[in-house]
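The values are calculated or read from the model by the stated rules, or taken from the named source; none is laboratory data. This is a predicted model, so every value here is computed, not measured. Using ideal geometry, Cβ is built from the backbone for each residue, glycine included, and neighbour counts are taken over all protein chains shown. All accessible areas refer to the heavy atoms of the entire protein, side chains included, with ligands and DNA or RNA removed. Shrake-Rupley method; radii C 1.70, N 1.55, O 1.52, S 1.80 Å.
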Amino acid sequence: MDRKQWTIYGYFWIFGLINNVLYVVILSAAVDIVGPSLPKTIVLLADITPSLIIKLTSPFFIDKVRYEYRIFILIFLSAVGMFMVSLKSMALCMVGIILASISSGFGEVSFLQLTHYFEEVALNGWSSGTGGAGIIGSGVYMLLTSILKIPVTISLLLFSVMPFAFLLYFKLDRSSIHYTAVDDVSTNVLDTTTMQEGEESIAENFNNTVRVSKTSEKNIFKNILQNFQDTLVDLRALVIPYMLPLTSVYLFEYLINQAVCPTLLFPLDGGHLPSFFHKYRDMYVTYGTLYQFGVFISRTLAHKFRMHNLYLLSFLQALNLIITLFQAWKYIVHVPWPIMILIFYEGLLGGASYVNTFLNIMDEVEPAKREFALGAVSIADSSGVFVAAIIGLFLEPGICRHQVSDGRPWCTLE
């Protein structure tokens, strides 16, 4: 890559990091937010539902919102949301999680669409940054709370200043936009008669991706209905090749992360444990960090090892779920190290699925529909997480009750 490409990569890396880091921190803090008596999937549900709603509805409206307006919305929602999460009130904390979730979903759709204008280098930077958010978010949270013993409230508050890095959006070089890609997005994107005129208006079109033509009032409803139907048709074409495999991968891995991992515990006085396992919550935080480390590696390097068979990754992730369920129920392995390796591998699969899904879209979807597809397919991962959260509300307590009856009450302890 030349210097300009490295700059684009770096900016999108930061965007991916900031957009996802608060989501990761909130999940890492789930055990501290709700305590040992409630399912950690309560936090997951609050952290993913608003994001999913935004992603489900965004294909119908997001092209009307200028990118610079989106940036200010993201900063406000993220900063205020994380500030509220740091408060000790459970109600305010949940409101903060919801605000941060809305920001995360809106940001993912926006930046994935934005990668269309800067091509694969931007997508690679975004993917790696979102992976970096995982390892930095969970790793720093573990460092602050488990190792440095900084109070949870202060640790969470420190993350509320990070969203202001979204302002780097305004330093993006508009001349880096690939003209052909912009020209092909839609017949409504460029209102030009010559290539020269089109090139002169790229910066304007970058922030005004749709020009609404003058329409009589009696045709407004008809146009809205037609747009709705056309959007559904475009969405349907993305389900089988991209959305279904990505949804299933996220379903399996978040069942592991939020419903099974809190029960993959070992006695603190049993020996053969890492030195930083002082409490049972430290095991949960460590699993989250290892998972995110795997995600970071695969989201950074997966573009070098392309996989077009996305369903294979779904199958492998399903095997991981079965193995961890068996361990939680039967307690076959009595030391944490094999489980820690498995969780790391789970992260590798999850990150590879994410990157390859969107790279396949870049390769296979025609340019005129690519920007829409990149944003719309982001529905898939949130859908999988949402279903996992619903199932986890019942799965984690069920496993915990079984462990208590089996003489393993660790899931009820801090």
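Summary of values
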{"item": "Using a Förster distance of 35 Å, the FRET efficiency for F61-E366 (Cβ separation, nearest 0.05)", "result": "0.95"}
{"item": "Highest-MSF residue in the chain out of S89, S127, S353 [GNM, Cα springs under 10 Å]", "result": "S89"}
{"item": "Percent accessible area from carbon and sulfur atoms, segment 24-139, protein chains only, probe 1.4 Å", "result": "75 percent"}
{"item": "Length-normalised contact order of the chain in % [C-alpha pairs under 8 Å, at least 6 apart]", "result": "27 percent"}
{"item": "Protection proxy ranking of 292-298, 128-134 - average other beta-carbon atoms within 10 Å, highest first", "result": "128-134, 292-298"}
{"item": "Separation of alpha-carbon centers, segment 91-139 and segment 257-311, rounded to whole Å", "result": "20 Å"}
{"item": "Surface accessible to a 1.4 Å probe, H278 within the full protein complex, Å²", "result": "100 Å²"}
{"item": "Counted charge near S378, where neighbours are those whose Cβ lies closer than 13 Å (Asp, Glu -1; Lys, Arg +1)", "result": "-2"}
{"item": "Restraint check, K88/K149; K55/K149; K55/K222; K88/K171; K88/K279, Cα-Cα greater than 26 Å", "result": "K55/K149; K88/K171"}
{"item": "The chain, helix-only ellipticity at 222 nm - DSSP H runs n ≥ 4, -39,500 (n - 2.57), divided by all residues, nearest 500", "result": "-23500 deg cm²/dmol"}
{"item": "Extension gain from N223 to E120, taking 0.36 nm per residue of separation minus the Cα-Cα distance", "result": "33.7 nm"}
{"item": "Fraction of accessible area attributable to carbon and sulfur, segment 370-414 (%, probe 1.4 Å)", "result": "67 percent"}
{"item": "Protein accessible area in segment 215-360, 1.4 Å probe - carbon and sulfur %", "result": "71 percent"}
{"item": "Unpartnered cysteines - no second Cys beta carbon under 4.7 Å - across the chain", "result": "C93, C261"}
{"item": "V404/I154 FRET efficiency (R0 35 Å; Cβ-Cβ; nearest 0.05)", "result": "0.55"}
{"item": "At least 18 Å along the helix axis (C-alpha) and Kyte average at least 0.0, DSSP helices within the chain", "result": "3-28, 41-57, 67-85, 90-142, 280-301, 310-330, 337-364, 378-405"}
{"item": "In segment 296-395, trypsin sites (Lys or Arg not before Pro) in a DSSP loop with at most 15 other beta-carbon atoms within 10 Å", "result": "R306"}
{"item": "Surface accessible to a 1.4 Å probe, per residue, for the residues of the chain, Å²", "result": "42 Å²"}
